[in-house]
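**Q** Following this message is one structure expressed as structure tokens.
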Amino acid sequence: MVPGPVESLLRSACYVATLSAPLAMIRCQSPTKEVMVVPDDQGPNMEMRAFIAVVLSLGVMVGYQYLFAPEPLQPRSGEVTEAEFPEPLNLPEIEVPEAVLGDEETKETTNINSPAIVAGDRAMQVTLETERYRMVLDNRGGLITSVELIGFDADFGGRPLELVVNEPGLAAPTGFLALTTPESPDAASAPNQALYRMTIDGFEPSSLVRVEKPVTVRWQWVDPNGWSVDKQLTVNPGGHLSDLTITVESPTDTPMFVMLGPGLEMQADNGRTGIYLMSGAVLFDGTDIEHLTDADLDDLEAPDVRLMNLAWGGIQSPYFAALFVPEAPVSVYVASIPAPETIVNQAATEEALEEQGAPGTRAMFGVELQNGKPISTPLYIGPKDYSLLIAEGHGLERAVDYGVFRILARPVAVTLEKLYEFTGNYGLAIILATFGVRLIFFPLSQTSMKSMRKMQQLQPQMNAIRAKFKGVKDSQKRQEMNVQVMQLYKDNGVSPLGGCLPMLLQMPVLFGFYAAISVSIISRNAPFMLWIQDLSLKDPYYVLPLSMGAAMYGQQRMSPGTGDPMQQRIFRLMPIMFTFFFLTFPSGLVIYWLVNTVLGIAQQAYVNHQLGAADAIIKKGPRGKQKKHPKGGGGKRKTRGKR
């Protein structure tokens, strides 16, 4: 039985068909009865009437499906239905691919919601592992929160070397690429604390990504208050240089800076001292390099903001650096923040602070961002390795600052690297290099030692001249004495500076070794033997500097004395002075000077032996001739005859 509404609908269709086609017989089969209509003729409107009948029949079928559609299936337990999503999904903006946009210069995006909100839906950290480092990226704040260098260990504990300072209690975001403003750092708290949408090459990454080809990390964050931040970092697998592009739109016109810091390498000092060991900020304009040490930054009353043609700049420790390489003149931001009070309080003394590896300030460096305009800059995070830096370009090799002795320090460093390839030990490389230096200076040292021996032979004549003018206080008379002494030197071919000249000429070489060993990363954590496990650090037991002082004293005792009292006093003081200075010098440098002194002793012994043999020959010469006389004692008889 068909329900009543359908029967009524069918009857209506049949009735309309009857009115429309009175000459046609239409049989409408009803569920209850059969209705027949007999037409009166077959006129020309027959086709139109038939068409109307078909339309009405289709209407009946559609109405039936609408009124008596099957009931929907009931969901089984655990299935998700639309009722569970009463609110529309808050989807991020959808970017239209370039293939769809064609050649249009302006790419538009389709926003699901208005205003557009782009953010991460959960906290996420991703580790990028390249051939040279492991970098941890955080979507909270869009930061680099860790950089561990592969092949480098921390100075204490054998842990991997961490370049990003991560200390609870720092008055700044912990991680590179944070945003700040000089006037009010809190003005950038929103983007530094927000959850960003983070992708790698357009896809949501896994927790560990091994980089075998260049990949682009992108952090995006947009909020309804007017903030829009887009950071893109392209990481290369085989180097330390990445490419950073960052665009920031802020709700205010306050200048915004992207930062490196605070601080670099937790254990940056560790007892290392020296005029070329720099920690803090560094700026290079293509010609001159400027170091702002932690002490300099601590003296700043306000952040140092300046507009300059910056070739590169950033923060550094003695052997590592994090540097921006801007492509245009920029305003830079240099400042520091104090270390957390807990660390400072735990280090009651300066020695304890050094052992803890935590200086009292943390350097910060940033470059200014133009509101709404992208800025692109290469970013270097890695060791201050000269060969590596010169391969990266941009003049980054100047970060290895040898100072005024650069012309000597660089050849010394290259020599040590080559010798290390042969010996496998930088201590042995230093010893072999010392032999080479001594060999170069051998002729000059030989001449100097012989000159000093001649001065010793002239000592009686010099004493006679001084005795003649003893007690004379008249300056003119004293000047006459000096003239006579100098004439004596000249007549015998002796230079009064002969004893000092080799020492003076070796001083630049000494400073070249000092700069090379102190500044070059080759000596960092480089062991020698026994208790010397780091050639860049001082000898913890002072055995090497004390041995060096004793060797210098022994060499002085073997050398002929000079007639000049002033030179004698200087020579007597030199072993004491050198020992005092070398107590805190890198042990690699002490090894160089100790070996150099021992080789000097050996050469002095050789010269003394030569000159002693020559003196003996001179003294024995006449008697030797007498022995060759056929009659042996004839010489004596002749002497007696003369008497």
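**Q** Expressed as a rounded percentage, what relative contact order does segment 405-536 have, with Cα pairs under 8 Å and six or more residues apart?
**A** On the way: 107 pairs, mean separation 50.9, N = 132.
Over segment 405-536, the number comes to 39 percent.
**Q** Also: Name the long-range amide H neighbours of Trp312: under 5 Å, sequence gap of 5 or more, or other chain; modelled H, no Pro or chain starts.
**A** Long-range HN contacts for Trp312: Phe284, Gly286.
**Q** May I ask for the net charge around Asp304, where only other residues with Cβ less than 12 Å from the Cβ of Asp304 are counted and Lys, Arg are +1 while Asp, Glu are -1? Numbers along the way, then the final one.
**A** Working: positive: Arg306; negative: Glu290, Asp296, Asp299, Glu301.
The answer is -3.
**Q** Shifting gears a bit: With a ≥ b ≥ c taken as the square roots of the eigenvalues of the C-alpha gyration tensor of segment 367-497, please select rounded if a/c is under 1.5 and otherwise prolate if a/b is larger than b/c or oblate if it is not?
**A** Since a/c reaches 1.5 but b/c is at least a/b, the shape of segment 367-497 is classed as oblate.
**Q** Which net charge results for the neighbourhood of Gly239, defined as the other residues with beta-carbon distances under 12 angstrom from its beta-carbon, given Lys and Arg at +1 and Asp and Glu at -1? Before the final figure, lay out the partial values.
**A** On the way: positive: Arg132; negative: Glu131, Asp243, Asp385, Glu392.
Around Gly239, the charge tally is -3.
**Q** Check which residues have an amide H placed less than 5 Å from Glu368's amide H, if you skip close sequence neighbours.
**A** Correct list: Ser331.
**Q** Show me 472-479, 301-308, 122-129, 317-324 ranked by packing, highest mean number of other Cβ atoms within 10 Å first.
**A** Working: 472-479: 9.4, 301-308: 12.4, 122-129: 14.9, 317-324: 24.6.
Put in order of decreasing packing, that is 317-324, 122-129, 301-308, 472-479.
**Q** Residue by residue, what Karplus-based ³J(HN,Hα) values in Hz, rounded to whole numbers, does segment 515-527 have, using 6.51, -1.76 and 1.60 with θ = phi - 60° and x for Gly and Pro?
**A** My calculation for segment 515-527 gives 5, 5, 6, 6, 8, 5, 6, 4, 8, 5, 6, 8, x Hz in order.
**Q** Give the shape of segment 292-332 as rounded, prolate or oblate, defined through the alpha-carbon gyration tensor: a ≥ b ≥ c are the square roots of its eigenvalues, a/c under 1.5 means rounded, and otherwise the shape is prolate if a/b is larger than b/c and oblate if not. All intermediate terms of the calculation are to be shown ahead of the outcome.
**A** On the way: a/c = 3.52, a/b = 1.19, b/c = 2.95.
Note, shape of segment 292-332 comes out oblate.
**Q** Counting Lys and Arg as +1 and Asp and Glu as -1, what is the net charge of the other residues whose Cβ lies under 14 Å from the Cβ of Asn425?
**A** Details: positive: Lys418; negative: Glu417, Glu421, Asp534.
Summing Lys and Arg as +1 and Asp and Glu as -1 gives -2.
**Q** Quick one: which residues, 5 or more positions from Lys538 or on another chain, have an amide H under 5 Å from its amide H? H modelled 1.01 Å from N in the peptide plane, none for Pro or chain starts.
**A** Ser587
None of the figures in this text is laboratory data; all of them are computed from the coordinates on show. The structure presented is a predicted model; accordingly, all values stated were derived computationally and were not measured. Quick reminder, even Gly has a Cβ in these numbers, built from the backbone with ideal geometry, and neighbours come from all protein chains shown.
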